[in-house]
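To start, the structure itself, in structure tokens.
The values are calculated or read from the model by the stated rules, or taken from the named source; none is laboratory data. Please read all numbers here as calculations on a predicted model, not as lab measurements. Cβ atoms come from the backbone with ideal geometry, glycine included; neighbour counts cover every protein chain shown. For the accessible areas, the whole protein counts, side chains as well, though only heavy atoms, and no ligand, DNA or RNA atoms are used. Shrake-Rupley method; radii C 1.70, N 1.55, O 1.52, S 1.80 Å.
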Amino acid sequence: MKILSYLLVYRRFLLIVLTPLLLLPLPLIIKTKEAECAYTLFVVAIFWLTEALPLAVSALIPAFMFPLFGIMGSKEVASAYFKDFHLLLIGVICLATSIEKWNFHKRVALRMVMLVGVNPAWLTLGFMVSCAFLSMWLSNTSAAAMVMPIVEAVAQQIIRAETEADALEMPCSNGSINPALELDENIGECESSDWKEKEKQVNGYDNNVGSTVCITEKENEKEREQQNLPPAETGRKSREDKYSGIFKVMCLCVAYSATIGGLTTITGTSTNLIFAEHFNTRYPGCQCINFGSWFILSIPITVIILLLSWVWLQWLFLGFDFKNMFKCGKKKTAREEASAQVIREEYKKLGPMSYPEIVTLVLFILMTLLWFTREPGFIPGWSSLFPKYKGYATDSTTALVIGLLFFIIPAKTFSRTSNGENTVFGYTPLITWKEFQSCMPWEIAILVGGGFALADGCEVSKLSEWVASKLTPLGSLPLWLIILISCLIVTSVTEVASNPATITIFLPILSPLAEAIHVNPLFILIPATLCTSFAFLLPVANPANAIVFSYGHLNVMDMVKAGLGINIIGVAVVMLAIMTWIVPIFDLYTYPSWAPNIPSTNSTGL
């Protein structure tokens, strides 16, 4: 037993040591550049999937292994670690930093929820829409972390309102105190007292955040089940079960909409950015993937998945009561009044829009318009104003210009005192470098750089050509089946590995597959990229799930049941999209001139 406990403790260390040693025969026996590159790829991929080393540390392995194997020079490898993607990421993070610093995200989320009303079904839809909208422009993790405190405040307000309603309805003939009422208040206090501790765990993005559970609540629930409850108390308990279902739906809608919303824009999630950079690097002759084209193909996918997910969560936990949902003039319940009150109070606390919020909104709109109008396709964009430098300006150019303004525009204006004099403030920009650094995901930046280095190594060593030659027999399968298989594989892997690591591993495999079977690479790469974000099953599948799980309203099986349905919905919608409206956007049934013709056979010894 001691040996097993030691192995368990040092399992990561053993994995780090044994993985390179066990794979070492590959380059020693098959002495080709393809085998040496494959060895590096396998080691990095295993470390990424198991997270034995931090993702960014594993991404640095090609930087020293490729020069030692003679695949690429050190300077060539180093240049792969900083691409156009990183400049785009920097500009987007400048915007995200300003939005978070000046609480603009909270105003947007609350306003959207106020628009849809406080009916439980519409309230959850409001949270989903607001969270999805935020995740289009911010990271999925940030969107979930911003909206969940609002959801938790609404949940706590509902608990208090229902407790008060029960106190009025419960007959206490001899003036005694209702013990069940005291029990509910203890539960509310327990959840409230744990909130700050949970928030600290969330900000650290600990994968074990879901371990914090309100023990008192579980014990009290068991005690109530063991008691012989009177009819009034039984009705009250059934209402509690319903409210528990509402809290679960509200939490899950935040976790899932944060991921779904990120699909919409090329900057919405790191997997989209990684795909765009990989595609533009591998196929420089094609300029079809940009902010506008991606938005056009993905917005219907996002809307359909969002609505179907909303219906699925409602049906799974609450049932779907169309009559009550669309009934007009219905009197609001105590729960709905409590929800409306807390949302109004939270919005009132924000006050009128401040000067920094207005500037952030203007820059946000300006950045979005410049992205859409650079090369809209149906009319000449602003990039046509520079005909001598066609293709020089990309989406990262716009992001950097707007991002730079956040460091220049002052955060405060002059204010007049009672005697008419201007009060001078010290010059402070909208964001500072320290604030930017705290939001910048450096781990993702290095991880993506490692993926680009691996892709370059596969090209130089001819490993990608060898893989393509071996995948050629798949061309006998129907195209829809090839796409479905690739979608299901990446969806399964991304549940246990990080999304960026998954897409970084599969893009260099799927690109030569498409070339080998003479299919437009976008036919396979777009659905695979979208499906890589479908990590809905487990709390540790992505940080957004972990954040929501940490609030204690969910258990693992709740997330597995709900996530399995949304995974199926997501893959089905993506398959529908790639076989219908995406086809004419990129003329997918025609093999493009910008894609290489890979020979069907290869004489390597691998």
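For region 415-450, which residues satisfy the criterion of being open to solvent by less than 60 Å² (accessible area, probe 1.4 Å), modelled with pLDDT of 80 or more and in contact with a helix residue (DSSP H, G or I) (Cβ under 8 Å, 6 or more places away or on another chain)?
Passing the criteria: P429, L430, I431, E435, F436, C439, M440, P441, A445, L447, G449, G450.
Within region 357-368, identify whether any single residue is hydroxyl-bearing (S, T, Y) and at pLDDT 90 or above, and answer yes or no.
Yes - at least one qualifying residue is present in region 357-368.
For S461, all conditions in the list (1) out of contact with any Phe, Trp or Tyr (no Cβ under 9 Å at 6 or more places or on another chain); (2) of a type in the set (S, T, Y); (3) open to solvent by less than 50 Å² (accessible area, probe 1.4 Å) hold save one; what is the number of the exception?
It is condition (1) that S461 fails.
Give me the helices (runs of 4 or more DSSP H) completely within region 1-58, filtered to those with at least 3 residues that are of a type in the set (S, T, Y), ordered by residue number.
It comes to 33-50.
So in region 501-519, with the set limited to residues that are touching a Ser or Thr at 6+ places or on another chain (Cβ under 7 Å) and more than 16 Å from S298 (Cβ to Cβ), which one is surrounded by the most Cβ atoms within 10 Å (Cβ to Cβ)?
The qualifying residue surrounded by the most Cβ atoms within 10 Å (Cβ to Cβ) is T502.
Residue-wise test of (1) open to solvent by 20 Å² or more (accessible area, probe 1.4 Å); (2) more than 27 Å from the chain's Cα centre (by Cα).
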position	(1), (2)
I566	no, no
Y589	yes, yes
P592	no, yes
A595	no, yes
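Before we move on, is T529 in a helix (DSSP H, G or I), at pLDDT 90 or above and polar (S, T, N, Q)?
Against the criterion (in a helix (DSSP H, G or I), at pLDDT 90 or above and polar (S, T, N, Q)), T529 qualifies.
A96 - would you say it is open to solvent by less than 20 Å² (accessible area, probe 1.4 Å), assigned to a helix (DSSP H, G or I), within 30 Å of Y355 (Cα to Cα) and modelled with pLDDT under 90?
yes
Which is in contact with a His (Cβ under 7 Å, 6 or more places away or on another chain) and of a type outside the set (S, T, Y), of I99, I16?
Numbers: I16 fails: in contact with a His (Cβ under 7 Å, 6 or more places away or on another chain).
None of the others qualify; the one that does is I99.
Being open to solvent by less than 50 Å² (accessible area, probe 1.4 Å), touching a Cys at 6+ places or on another chain (Cβ under 7 Å) and aromatic (F, W, Y) is true for just one of F127, F66. Which residue is that?
Details: F66 fails: touching a Cys at 6+ places or on another chain (Cβ under 7 Å).
Within the list F127, F66, the selection yields F127.
Restricting attention to region 71-88, which residues are surrounded by fewer than 21 Cβ atoms within 10 Å (Cβ to Cβ) and either in contact with a Leu (Cβ under 8 Å, 6 or more places away or on another chain) or not in a helix (DSSP H, G or I) (or both)?
Of everything in region 71-88, those that are surrounded by fewer than 21 Cβ atoms within 10 Å (Cβ to Cβ) and either in contact with a Leu (Cβ under 8 Å, 6 or more places away or on another chain) or not in a helix (DSSP H, G or I) (or both) turn out to be G73, Y81, F82, K83, L87.
Per-residue answers, yes or no, for (1) on the phi < 0 side of the Ramachandran plot; (2) touching a residue at least 24 places away in the same chain (Cβ under 8 Å); (3) within 16 Å of the chain's Cα centre (by Cα):
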residue	(1), (2), (3)
I485	yes, no, no
T502	yes, yes, yes
L507	yes, yes, no
A516	yes, yes, no
F523	yes, yes, no
L530	yes, yes, yes
P543	yes, yes, yes
V556	yes, yes, no
A572	yes, no, no
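So how many residues does region 532-541 have that are among the hydrophobic types (A, V, I, L, M, F, W, C) and under 15 Å from T264 (Cβ atoms)?
Of the residues in that region, 1 qualify.
Just to verify a result, which residue in region 568-587, among those that are among the aliphatic types (A, V, I, L, M) and either farther than 18 Å from I482 by Cβ or assigned to a loop (DSSP other than H, G, I, E, B) (or both), is most open to solvent (accessible area, probe 1.4 Å)?
I568
Only one of (1) in contact (Cβ under 8 Å) with a residue 60 or more places away in the chain; (2) open to solvent by less than 10 Å² (accessible area, probe 1.4 Å); (3) touching a Ser or Thr at 6+ places or on another chain (Cβ under 7 Å); (4) not hydroxyl-bearing (S, T, Y) fails for A453. Which number is that?
Evaluating A453 over (1) in contact (Cβ under 8 Å) with a residue 60 or more places away in the chain; (2) open to solvent by less than 10 Å² (accessible area, probe 1.4 Å); (3) touching a Ser or Thr at 6+ places or on another chain (Cβ under 7 Å); (4) not hydroxyl-bearing (S, T, Y) leaves (3) as the failure.
Is at least one residue of region 74-86 modelled with pLDDT of 90 or more and aliphatic (A, V, I, L, M)?
Within region 74-86 (the criterion being modelled with pLDDT of 90 or more and aliphatic (A, V, I, L, M)), the answer is yes, since at least one residue qualifies.
Could you tell me how many of the residues in region 99-124 are part of a helix (DSSP H, G or I), open to solvent by 10 Å² or more (accessible area, probe 1.4 Å) and either without any contact (Cβ under 8 Å) to a residue 12 or more places away in the chain or of a type in the set (G, A, S) (or both)?
1
Return the residue satisfying two criteria in turn: it lies in region 532-552 and is of a type in the set (F, W, Y) and not in a helix (DSSP H, G or I), and of such residues it is nearest to I482 (Cα to Cα). Outline the logic, then answer.
Going residue by residue through region 532-552, those that are of a type in the set (F, W, Y) are 534, 536, 549, 551.
Retained after the next criterion (residues that are not in a helix (DSSP H, G or I)): 534, 536, 551.
On the way: F534: 19, F536: 23, Y551: 40 Å.
Filtering region 532-552 for residues that are of a type in the set (F, W, Y) and not in a helix (DSSP H, G or I), the one nearest to I482 (Cα to Cα) comes out as F534.
Taking S492 as the residue in question, decide whether it is among the polar types (S, T, N, Q) and open to solvent by 10 Å² or more (accessible area, probe 1.4 Å). Even if it seems obvious, please write down each step before you answer.
Numbers: among the polar types (S, T, N, Q): yes; open to solvent by 10 Å² or more (accessible area, probe 1.4 Å): yes.
When the stated conditions are applied, S492 passes them.
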